[in-house]
Amino acid sequence: MNEYNQTGLTRDVPNSLKVFLENDGLSVIMRAMQTDVQKLKIKACFMLSALCTDNPEVKDILCKIGMVDQLVGHLNEEHGNYHEHIMSALLSLIHDHIPAKNECQRSELNLRELLTNRIKDLQGKDEFRGAEVLLLIWEEREYATEILKVLSIPHEDQENVARTQMLLPSHAE
């Protein structure tokens, strides 16, 4: 099943998200990320990102089941190509969600230092790399930078931005 099919199930089929959540689908994603199979981790992260983007109400559940800790824990593992996807999922989770942002700011996670060091480590890794690897490195740096920006926004400003976005007309019509 490709990424579109996975996320399409919860996006396009009425009541599928409800059934997914009732059947503990988020825990299944969490367990998939704990496997040693890199491809499964990437697919789980992709689905997690899509769920957070399309259904922000799942972010509360994800915080309660410890997803922030798990994502940051994976970033502390030996660096792999899937880290870009971990950062994408983390960014999707903390975007416009103060409880997840608060979780990321817990001192024991040391996330700011981890991200700052990762950005530095990825600088200069561009030499003698293929285009695909260069893209992964660039995207990972971008995600790390964006996460740091979100973590730097004061809560009051983040709430004001969220309120303003809710008042703006949608361009999807």
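Is at least one residue of the stretch 93-108 free of Cβ contacts under 8 Å to residues at least 12 places away in the same chain, among the basic types (Lys, Arg) and not in a loop (DSSP other than H, G, I, E, B)?
No, because not a single residue in the stretch 93-108 is free of Cβ contacts under 8 Å to residues at least 12 places away in the same chain, among the basic types (Lys, Arg) and not in a loop (DSSP other than H, G, I, E, B).
In the stretch 50-62, is there at least one residue being on the phi > 0 side of the Ramachandran plot, of a type outside the set (Lys, Arg) and out of contact with any strand residue (DSSP E or B) (no Cβ under 9 Å at 6 or more places or on another chain)?
No - not one qualifying residue is present in the stretch 50-62.
Suppose we keep only residues that are touching a Leu at 6+ places or on another chain (Cβ under 7 Å) and outside any loop (DSSP other than H, G, I, E, B) within the stretch 45-60. Which one would you say is nearest to residue 99 (Cα to Cα)?
59
Just one of the numbered conditions (1) farther than 19 Å from residue 31 by Cβ; (2) at pLDDT 95 or above is not true of residue 128; which one?
Only one criterion in (1) farther than 19 Å from residue 31 by Cβ; (2) at pLDDT 95 or above is unmet by residue 128, namely (2).
Given the condition on the phi > 0 side of the Ramachandran plot, in a loop (DSSP other than H, G, I, E, B) and at pLDDT below 95, answer yes or no: does some residue in the stretch 113-123 qualify?
No, the stretch 113-123 has no match at all.
Considering every residue within the stretch 71-79, establish whether at least one is surrounded by fewer than 22 Cβ atoms within 10 Å (Cβ to Cβ), more than 18 Å from residue 109 (Cα to Cα) and of a type outside the set (Ser, Thr, Tyr).
Scanning the stretch 71-79, I find no residue that is surrounded by fewer than 22 Cβ atoms within 10 Å (Cβ to Cβ), more than 18 Å from residue 109 (Cα to Cα) and of a type outside the set (Ser, Thr, Tyr), so the answer is no.
Could you tell me which numbered condition residue 40 fails, if it satisfies all but one of (1) in contact (Cβ under 8 Å) with a residue 24 or more places away in the chain; (2) surrounded by 14 or more Cβ atoms within 10 Å (Cβ to Cβ); (3) outside any loop (DSSP other than H, G, I, E, B)?
Among (1) in contact (Cβ under 8 Å) with a residue 24 or more places away in the chain; (2) surrounded by 14 or more Cβ atoms within 10 Å (Cβ to Cβ); (3) outside any loop (DSSP other than H, G, I, E, B), residue 40 violates only (1).
Take residue 103 and decide whether it is in contact with an Asp or Glu (Cβ under 8 Å, 6 or more places away or on another chain) and at pLDDT 95 or above.
So residue 103 passes the test.
The values are calculated or read from the model by the stated rules, or taken from the named source; none is laboratory data. Only a predicted model underlies this, so the values are computations on that prediction, with no experimental measurement involved. Ideal geometry is used to build each Cβ from the backbone, glycine not excepted, and the neighbour counts take in all protein chains shown.
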